[in-house]
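A.B. asks: Have a look at this one before I ask anything.
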Amino acid sequence: MKNIKIAIAQKNFTVGDLKSNFEIIIDSIKKAKQNSVKIVAFPELALTGYFPKDLLLNRQFIDENEKYLNMIVNNCDSITALVGFVHKDKNNIYNSIAVIQDKKIVKIIKKPNINTFEKRYFTQHNNIEIVELKIGKNNVKIGIMISDEFENSENNVDVTKILMEKGAEAIFCCSASPYFINKLDNKRNIIINISKKYNVPIIYTNLIGGQDDLIYDGNSFAIDENGEIVTICKANKEDMKYFELDKKQSNQTFPKINKMEELFNSLVLGISDYFRKTGFKEAIIGLSGGIDSALVAVLASEAIGAKNVYCYAMPSEFSTNHSITDAEKLAKNLDINYSEIPIKNDYNNLMNTLANEFKGTEFGLAEENLQARIRGIILMSIANKYNRLVLATGNKTEVFLGYFTLYGDSNGALAPISDLNKVEVYALSNYINKRLGKEVIPQNIIDKKPSAELKDEQYDPFDYEIVAPLVDEIVNNNPTKDELLKMNYESNLIDKIFKLIRYSEYKRSQLVTGLKVSKAMVCNNRKMPIVNGYNLE
């Protein structure tokens with residue numbers, strides 16, 4: 001692979017937008033040719049966008065994807081392009097890479113490691129092949145991987161080993177690997193170790209951008225046969241890198257990862273792309289004066305611009321003065337649109353309407369939650385009127401404890417922080433103030449005791465420093481009670497949390513899309529039965 005110029009095309013594709021994706025690919029190929037590139041590698045399913053889900057059940061979509069591929073072929077007259085697309089063969093479709101050279105498809109590589117989710121759509125292909133190419137005067141053999149096949153899948157097929165046994169001189173990994181906290185170091189270590197083990201250069205091309213709940217962070221790179229860095233693409237941004245494997249820059253290292261910066265930039269990208277790709281421009285947030293809505297407001301203003309963020313404080317008779325002043329101060333700091341809509345009269349009117357139904361009962365959850373539902377109606381009505389999207393502000397800890405109101409504060413189109421636990425919410429909020437060198441989120445919002453303010457002297461009934469990691473442990477790892485006791489959690493607390501998680505399953509099944517930032521986003525991926533007679537206590 002000496003003296004062969006290669007390009008990594010780390011691009012932001014949109015699921016289903018075949019025309020736009022085609023244009024991005026053609027533009028990238030054009031730029032690569034202008035830079036004397038001989039091989040350009042695109043991410044997995046670049047042409048269709050990742051992941052098309054049930055679009056893959058539409059025969060017309062599959063046919064059009066192949067028509068656009070043929071148009072790409074006609075533009076590859078002096079370059080080799082590795083393009084992700086959906087290949088149809090008889091009655092089967094495959095997650096594939098087209099190897100295009102001299103206006104011909106010289107090989108179609110089909111993905112052998114199909115995970116459980118992909119099996120709904122794709123057929124697994126077990127014939128792992130290398131690709132022989134003529135590049136100038138050189139004959140080269142390359143191996144192509146699709147997605148994260150370095151990490152042996154549930155099918156346990158060691159693609160790297162097979163490719164090396166067949167004589168691969170370099171491996172191209174065309175991936176769509178979503179972001180999650182602490183992912184990058186682990187992935188880099190795996191790829192570097194494989195490079196050193198087999199003495200083979202590896203070119204890793206990852207997708208960039210947001211797609212529904214998933215965020216693709218890019219961070220593509222190339223390493224030589226000794227596992228040494230040749231080039232690195234930017235995080236959370238489109239990028240193209242041109243390089244030769246035998247001409248690496250000296251003293252190049254992977255940048256040190258700041259967990260909070262990575263998290264902040266990823267969430268901003270996820271929100272930004274959700275709005276851009278759905279065609280919406282403006283967001284609505286209920287600003288309570290609490291930490292969760294404050295963080296969402298900061299993220300949204302960074303993602304789509306402060307002038308496009310509309311925040312509403314909706315005080316009731318139970319709202320404290322500091323909540324209103326904190327919300328107002330945050331809005332001023334961010335220079336976002338801010339209004340106050342008191343709900344006291346609306347609440348009293350509805351309580352009068354319900355007087356006969358509630359007669360003889362004590363003030364309780366129904367009366368408390370009515371306030372949240374009034375606020376939800378107001379936000380959704382304004383959004384409906386002006387074609388805006390409501391952002392839900394719940395965090396993962398509260399979501400799993402059921403500590404939210406259906407059809408109230410859970411309303412919205414997107415929940416940006418629903419995969420952050422409460423401790424992470426505070427950590428990210430503190431980071432934002434530190435990052436900007438000023439108090440963007442008022443310190444009182446960070447310091448004060450969290451409260452829903454739905455009745456007098458009400459405060460959240462949890463010590464989040466203890467409960468947040470306990471909830472994460474339960475929903476991520478499914479431990480037994482005995483295992484949790486060995487982690488020094490109290491028995492009564494374990495029983496309480498198990499019960500709260502179990503009995504709020506029906507509420508979570510109705511929640512809006514949240515942005516994934518953990519390895520297995522439990523809010524969207526958890527598949528527990530709602531009617532469930534098994535007692536975890």
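The values are calculated or read from the model by the stated rules, or taken from the named source; none is laboratory data. These numbers were taken from a predicted model, which means no experiment stands behind them. Here the Cβ is made from the backbone with ideal geometry for all residues, glycine too, and neighbour counts use every protein chain on show.
A.B. asks: I'd like the full set of residues that are part of a helix (DSSP H, G or I) and either buried (at least 23 other Cβ atoms within 10 Å of the Cβ) or touching a His at 6+ places or on another chain (Cβ under 7 Å) (or both), limited to the stretch 377-397.
C.D. replies: L379, K396, T397
A.B. asks: Might you let me know whether the stretch 354-364 holds any residue that is in contact (Cβ under 8 Å) with a residue 60 or more places away in the chain, hydroxyl-bearing (S, T, Y), outside any strand (DSSP E or B) and on the phi < 0 side of the Ramachandran plot?
C.D. replies: no
A.B. asks: Just to check your reading of the model, which residue among H125, H87 is assigned by TED's automatic domain parsing to the domain that holds R59, free of Cβ contacts under 8 Å to residues at least 40 places away in the same chain and not in a strand (DSSP E or B)?
C.D. replies: H125
A.B. asks: Six or more apart or on different chains, Cβ atoms under 6 Å: show the pairs whose first residue is in the stretch 53-70 and in the same structural domain as Y121 (by TED's automatic domain parsing) and whose second is surrounded by fewer than 18 Cβ atoms within 10 Å (Cβ to Cβ) and basic (K, R).
C.D. replies: I62/K88
A.B. asks: Would you mind stating whether F275 is under 22 Å from the mean Cα position of the chain (by Cα) and hydrophobic (A, V, I, L, M, F, W, C)?
C.D. replies: yes
A.B. asks: May I pose another question? Could you check F400 against (1) surrounded by fewer than 17 Cβ atoms within 10 Å (Cβ to Cβ); (2) in a helix (DSSP H, G or I); (3) of a type in the set (F, W, Y) and say which number it fails?
C.D. replies: Condition not satisfied by F400: (1).
A.B. asks: Search the stretch 215-231 for residues being buried (at least 21 other Cβ atoms within 10 Å of the Cβ) and hydrophobic (A, V, I, L, M, F, W, C), and hand back the single one that is farthest from M145 (Cα to Cα).
C.D. replies: Taking the candidates together, the pick is I215.
A.B. asks: While we're looking at this one, here's another question. Which residue pairs have Cβ atoms closer than 6 Å, lie 6 or more positions apart in sequence or on different chains, and pair a first residue in the stretch 194-222 that is part of a strand (DSSP E or B) with a second residue that is among the charged types (D, E, K, R)?
C.D. replies: Here the result reads I208/E238; G209/D273; G210/D273; L214/K516, each pair linking the stretch 194-222 to a residue that is among the charged types (D, E, K, R).
A.B. asks: Hey, I194 hits all of (1) closer than 30 Å to T513 by Cβ; (2) of a type in the set (A, V, I, L, M); (3) modelled with pLDDT under 95 but one; which does it fall short on?
C.D. replies: The single condition I194 does not satisfy is (1).
A.B. asks: Okay, next question. Out of curiosity, is E64 over 23 Å from R276 (Cα atoms) and in a helix (DSSP H, G or I)?
C.D. replies: yes
A.B. asks: Looking for whichever is part of a helix (DSSP H, G or I), out of contact with any Leu (no Cβ under 6 Å at 6 or more places or on another chain) and either at pLDDT 95 or above or on the phi > 0 side of the Ramachandran plot (or both) here; the options are I446, I432. Which one fits?
C.D. replies: From the options I446, I432, the qualifying one is I432.
A.B. asks: Another question about this same structure. Could you count how many residues in the stretch 14-68 are under 19 Å from K103 (Cα atoms) and among the aromatic types (F, W, Y)?
C.D. replies: Total satisfying the criteria: 3.
A.B. asks: Picking from F172, F117, which residue would you name as being at pLDDT 90 or above and under 22 Å from G49 (Cα atoms)?
C.D. replies: F172
A.B. asks: Is it the case, given these coordinates, that K103 is touching a residue at least 12 places away in the same chain (Cβ under 8 Å) and over 19 Å from E129 (Cα atoms)?
C.D. replies: yes
A.B. asks: Go through (1) in contact (Cβ under 8 Å) with a residue 12 or more places away in the chain; (2) of a type outside the set (G, A, S); (3) assigned to a loop (DSSP other than H, G, I, E, B) and name the single condition K256 misses.
C.D. replies: (1)
A.B. asks: Run Y310 past the list (1) part of a helix (DSSP H, G or I); (2) of a type in the set (S, T, Y); (3) touching a residue at least 40 places away in the same chain (Cβ under 8 Å) and report the number of the one that doesn't hold.
C.D. replies: Y310 satisfies every listed condition except (1).
A.B. asks: Please state which one of K134, K197 is under 15 Å from I223 (Cβ atoms), charged (D, E, K, R), out of contact with any Ser or Thr (no Cβ under 8 Å at 6 or more places or on another chain) and surrounded by fewer than 19 Cβ atoms within 10 Å (Cβ to Cβ).
C.D. replies: Among K134, K197, only K197 is under 15 Å from I223 (Cβ atoms), charged (D, E, K, R), out of contact with any Ser or Thr (no Cβ under 8 Å at 6 or more places or on another chain) and surrounded by fewer than 19 Cβ atoms within 10 Å (Cβ to Cβ).
A.B. asks: Another question, if that's okay. Which one of these is assigned to a loop (DSSP other than H, G, I, E, B), over 28 Å from R276 (Cβ atoms) and of a type in the set (A, V, I, L, M): L406, L350, L370?
C.D. replies: When all the criteria are applied, what remains is L406.
A.B. asks: In addition: Can you name the condition, by its number, that V37 falls short on among (1) of a type in the set (V, I, T); (2) in contact with an Asp or Glu (Cβ under 9 Å, 6 or more places away or on another chain); (3) within 23 Å of N138 (Cα to Cα); (4) not in a strand (DSSP E or B)?
C.D. replies: (2)
A.B. asks: A follow-up question, please. Here are some residues: L55, L69, L47. Which one is under 23 Å from T278 (Cα atoms), assigned to a helix (DSSP H, G or I) and of a type in the set (A, V, I, L, M)?
C.D. replies: Matching residue, one of L55, L69, L47: L55.
A.B. asks: Same structure again: When residues of the stretch 449-470 are filtered for being touching a Ser or Thr at 6+ places or on another chain (Cβ under 6 Å) and modelled with pLDDT under 90, how many remain?
C.D. replies: Adding up the residues that qualify gives 3.
A.B. asks: Please verify whether K119 is among the basic types (K, R), surrounded by fewer than 20 Cβ atoms within 10 Å (Cβ to Cβ) and within 30 Å of N193 (Cα to Cα), treating the condition exactly as stated.
C.D. replies: Yes; evaluated as a whole, the condition is true for this residue.
A.B. asks: Moving on. Residues of the stretch 244-274 being at pLDDT below 95 and aromatic (F, W, Y), which ones?
C.D. replies: Correct list: F254 only.
A.B. asks: If a residue must be in contact (Cβ under 8 Å) with a residue 40 or more places away in the chain, of a type in the set (D, E, K, R) and touching a Leu at 6+ places or on another chain (Cβ under 8 Å), how many such residues does the stretch 465-522 contain?
C.D. replies: Residues meeting the conditions: 3.
A.B. asks: Hey, among the residues in the stretch 166-176 that are in contact (Cβ under 8 Å) with a residue 40 or more places away in the chain and closer than 19 Å to A9 by Cα, which one's surrounded by the fewest Cβ atoms within 10 Å (Cβ to Cβ)?
C.D. replies: A170
A.B. asks: Quick check on this structure: which one of K161, K141 is modelled with pLDDT of 95 or more, among the charged types (D, E, K, R) and either in a strand (DSSP E or B) or more than 15 Å from the chain's Cα centre (by Cα) (or both)?
C.D. replies: Residue meeting the stated conditions: K141.
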